[in-house]
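To start, the structure itself, in structure tokens.
The values are calculated or read from the model by the stated rules, or taken from the named source; none is laboratory data. These numbers were taken from a predicted model, which means no experiment stands behind them. Here the Cβ positions follow ideal geometry from the backbone for every residue, glycine too, while neighbour counts run over all protein chains shown.
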Ligand SMILES: [Zn+2]
């Protein structure tokens, strides 16, 4: 078995809905979105849902970005299971061409739904990399230029609270009104956003997984990566990460450096340093 590299563990992406743990509400509404968009795209509906705005709130590294990327994958997979809504095993043309590696800051090629008519454009904007209103306007303009009006446009702005500086959230509010995109914003600090901005968005809060949901999930990730693990170490990772999946995966990344020694209680307790959000 070939283990995953430490980097892919840290940027873990679910391949089926069951691999998104906790987050029941987010999953429920994202599945509704997948159903609706695919139904409309297949029917070529003129009353398609093209304009909606969501704000995902919850701790950093609690899986917001992974959930949005997975949503987009389900929308565009050529062989989505109509019952479970799970995408294919990664071999269809659209799943093979995986969007969203961290090196590409934002703009991706458009993809097509199975009927070959509706384009889906997916753009990620990392708000930590935007420091001036001009940069933000430039990014949004670039999206506008690429877009064919008959398609779906999904724009995801990660760490949206970073835009409050220099009133960039006001610029965004206007963009949200003017452009019929599916907007997703994520933030760990919703209180930093203007009320006006918050009130314009449909808010969905991420939910941390339960201990008994997280333990088998961590064991699966260890097994996938070929890392040995001790049961006590798994429990300590859950405890020390405060059940934040992205934090917990850091311990596995550390363990993956020496898969034979693996995830030991000693590593989790003494070597792995965690700094949690206050
Ligand atoms: Zn697929």
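Screening 79, 39 for residues that are modelled with pLDDT under 95 and part of a loop (DSSP other than H, G, I, E, B) leaves exactly one candidate, 79.
Rundown of residues vs (1) under 18 Å from the mean Cα position of the chain (by Cα); (2) modelled with pLDDT of 90 or more, yes/no style:
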| residue | (1), (2) |
| --- | --- |
| 121 | yes, no |
| 132 | no, yes |
| 138 | no, yes |
| 148 | no, no |
| 151 | no, no |
| 158 | yes, yes |
| 165 | no, no |
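If you scan the stretch 252-274, which residues turn out to be within 12 Å of residue 229 (Cβ to Cβ) and either surrounded by 12 or more Cβ atoms within 10 Å (Cβ to Cβ) or at pLDDT 95 or above (or both)? Of everything in the stretch 252-274, those that are within 12 Å of residue 229 (Cβ to Cβ) and either surrounded by 12 or more Cβ atoms within 10 Å (Cβ to Cβ) or at pLDDT 95 or above (or both) turn out to be 252, 255, 256, 259, 261, 262, 263, 264, 265, 267, 268. Going by what's in this entry, would residue 238 be described as under 24 Å from residue 12 (Cα atoms), touching a residue at least 12 places away in the same chain (Cβ under 8 Å), assigned to a helix (DSSP H, G or I) and in contact with a helix residue (DSSP H, G or I) (Cβ under 6 Å, 6 or more places away or on another chain)? Taking the combined requirement at face value, the residue satisfies it. Residues that are modelled with pLDDT of 80 or more and more than 10 Å from the ligand (Cβ to nearest atom) within the stretch 82-99 comprise 82, 83, 84, 85, listed in sequence order. Evaluation of residue 52 against the conditions (1) modelled with pLDDT under 95; (2) out of contact with any strand residue (DSSP E or B) (no Cβ under 6 Å at 6 or more places or on another chain); (3) assigned by TED's automatic domain parsing to the domain that holds residue 154 shows that the sole unmet condition is (2). On the given criteria, is residue 240 in the same structural domain as residue 161 (by TED's automatic domain parsing) and surrounded by 13 or more Cβ atoms within 10 Å (Cβ to Cβ)? Answer is no for this residue.
Taking the stretch 241-268 on its own, how many of its residues are outside any helix (DSSP H, G or I) and on the phi < 0 side of the Ramachandran plot? So the answer is 9.
Of all the numbered requirements in (1) more than 8 Å from the ligand (Cβ to nearest atom); (2) surrounded by fewer than 18 Cβ atoms within 10 Å (Cβ to Cβ), residue 67 misses one, and that requirement is (2).
In the condition set (1) more than 16 Å from the ligand (Cβ to nearest atom); (2) surrounded by fewer than 16 Cβ atoms within 10 Å (Cβ to Cβ); (3) in a helix (DSSP H, G or I); (4) in contact (Cβ under 8 Å) with a residue 60 or more places away in the chain, residue 31 is compliant with all but (4).
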